[in-house]
Amino acid sequence: MSDREPIGVVGVGWVGLVTAACFAELGHPVVARDIVPEKIDALRRGEVPIHEPGLPVLVERNAERLTFTTEIGELLAAARLVFVCVETPPTYSGDADLTAVMNAVQEVRDGHRALVMKSTVPVGTGMTIRRRAPGIAYVACPEFLREGSAVRDFLEPDRVVIGSEPGDEEAADSVAAVYEPLGAPIVRTDVSSAEMIKLASNAFLATKISFINEIANVCEEVGADVTEVARGMGLDDRIGPKFLRAGAGYSGSCLPKDVSGLKQLAGNSGYHFQLLTSVIEVNELQKRRLVGKLAKHLGSLVGKRIALLGLAFKPDTDDMREAASLVLATRLQSEGATVAAYDPVAEEQARDLLPAVEMSPSALKAVDGADAAVLITEWPEFAELDWREAARRMRTPLLVDGRNFLDPDAVRRAGFTYEAIGRPTSRGNGEPSGG
Ligand code: UDX
């Protein structure tokens, strides 16, 4: 048996399962608990219910150290450090729904354990929990995992943030000790600052994306190429090259939720967060811009057949939460178009959300007879597609690249009229190549 600190994980969703598997990989015995019996049964059979690269291998390799249960008692008997990884979805008002978090606190509070909050919560939540459950030590340790690279993000983090209050230092030291082998900078701070680091980081990333999307929109007006602009900007150390890809807006389960959560939090405390209000608005408009690009070439969309290439909110995930494809498909249908779609992994997740969309088994099948194709998720296989064959199959070879993913020259050579985001649309001299 391992001599490493046993770890409990409450909530075996995407964050919880990655956290559990990675701690097991680091040598800790882990008891992970979820209230959904079917999920636990599947995990006990070795089935990983989410699409996350590298995760099935970790779960299999560490099966001996990983226990899955529905019983909180089994977890509390095994572990002193309890990582809470339950969902905090947005309510209609944009506030975070803390029902699952508070249920977890309720269950752990009698056990005199250290409760380590991984879930993203509004600033102030930790201090409220400390007041309500004085028997437990409380540590804020927000997750910074990206879907599609969550295992790597866990094992090679940029930083680990650990927030605690006087009296809970020992628990915070234990949390620091389990992360110490990763060799990342550890930011020790107070609980509310730790909570704010998470929200502010995601809000900043969203701001960066909305900023470059607006630059892209201006580039379209003035004949500049946003990919060139981002390349030049990104070399400035103070700006950096990441999160400067213009496209169909940010989506997913975290960025939209955390940006509106922070805006709401500020509003609830009496401060109007002007900048975030615009960041959100720009993002909503950006998702819809693709419709305008189609209309520019096709005129009325009534009776037109549009193929969506990619549905997931980004590659390497089957997550459809807040995906730009949802806004686009619904919008196209309301304008009278028929929508076909292909996604290598998200089809099943998308089917219920987009019942009127024809799901195709391949990209080439999706574009068959289409008046236009819209690339909405930059799956690597789209870079390899036989675009010449795709153009042949379409009624009009119009391609709107919602992620600036493809090489404009190559796609035009294949016979397409190519539209992207913030890149020149005409065939000019010295046109940059994308990809
Ligand atoms: C994000 C944060 O990055 C992560 O730290 C946090 O823990 C959870 O939220 P994730 O939701 O997995 O992770 O997605 P991310 O890779 O950050 O992308 C978010 C969205 O922004 C995607 O829709 C993506 O397509 C879009 N994006 C990203 C851009 O439009 N342009 C970019 O340059 C980068």
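All of the numbers you see were taken from the coordinates with simple rules; none came from a lab. Quick caveat: nothing in here was measured; it's all calculated off a predicted structure. Cβ coordinates were reconstructed from backbone atoms using ideal geometry, including for glycine residues, and neighbour counts include every protein chain displayed.
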Run the count for the chain, please: Lys pairs, Cα-Cα under 22 angstrom, 8 or more apart or on different chains. 28
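Please label the shape of region 74-199 as rounded, prolate or oblate, based on the square roots a ≥ b ≥ c of the eigenvalues of the alpha-carbon gyration tensor (a/c under 1.5 means rounded; beyond that, a/b larger than b/c means prolate, else oblate). List each step's numbers first, then the result.
Working: a/c = 1.42, a/b = 1.09, b/c = 1.31.
Note, shape of region 74-199 comes out rounded.
Relative contact order for the chain using alpha-carbon pairs under 8 Å, separation at least 6, rounded to a whole percent? Can you show the working numbers first?
Values: 865 pairs, mean separation 49.1, N = 435.
Dividing the mean separation by the residue count of the chain yields 11 percent.
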Taking 265-271, 127-133, 277-283 and ranking on average Cβ neighbours within 10 Å, highest first, one gets 277-283, 127-133, 265-271
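Filter the trypsin sites (Lys or Arg not before Pro) in region 142-172 to those in DSSP coil with at most 16 other Cβ atoms within 10 Å of their Cβ, and list the result. Intermediate values should be presented prior to the final figure.
Values: sites: 146, 152, 159; in loops: 146, 159.
Passing sites in region 142-172 are 146, 159.
Can you list the DSSP H helices in the chain whose Cα atoms extend at least 30 Å along the helix axis and whose mean Kyte-Doolittle hydropathy is 0.5 or higher?
Values: long enough: 191-222 (47 Å, 0.66); 274-298 (37 Å, -0.06).
Helices passing the filter in the chain: 191-222.
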Residues whose placed amide H lies under 5 Å from that of residue 373, excluding near-sequence neighbours: 307, 398, 399, 400
Pulled fully out, how much extra length does the chain show between residue 92 and residue 218, if you take 0.36 nm times their separation in residues and subtract their Cα-Cα distance? 42.1 nm
Give the separation of the Cα centroids, region 28-47 to region 242-265, in Å. 30
Using a ≥ b ≥ c from the Cα gyration tensor of region 362-422 (square roots of the eigenvalues), is it rounded, prolate or oblate, where a/c under 1.5 gives rounded and otherwise the larger of a/b and b/c decides, a/b for prolate? rounded
In the Gaussian network model of the chain, springs joining C-alpha atoms below 10 Å, which of 326, 354, 235 carries the largest mean-square fluctuation? 235
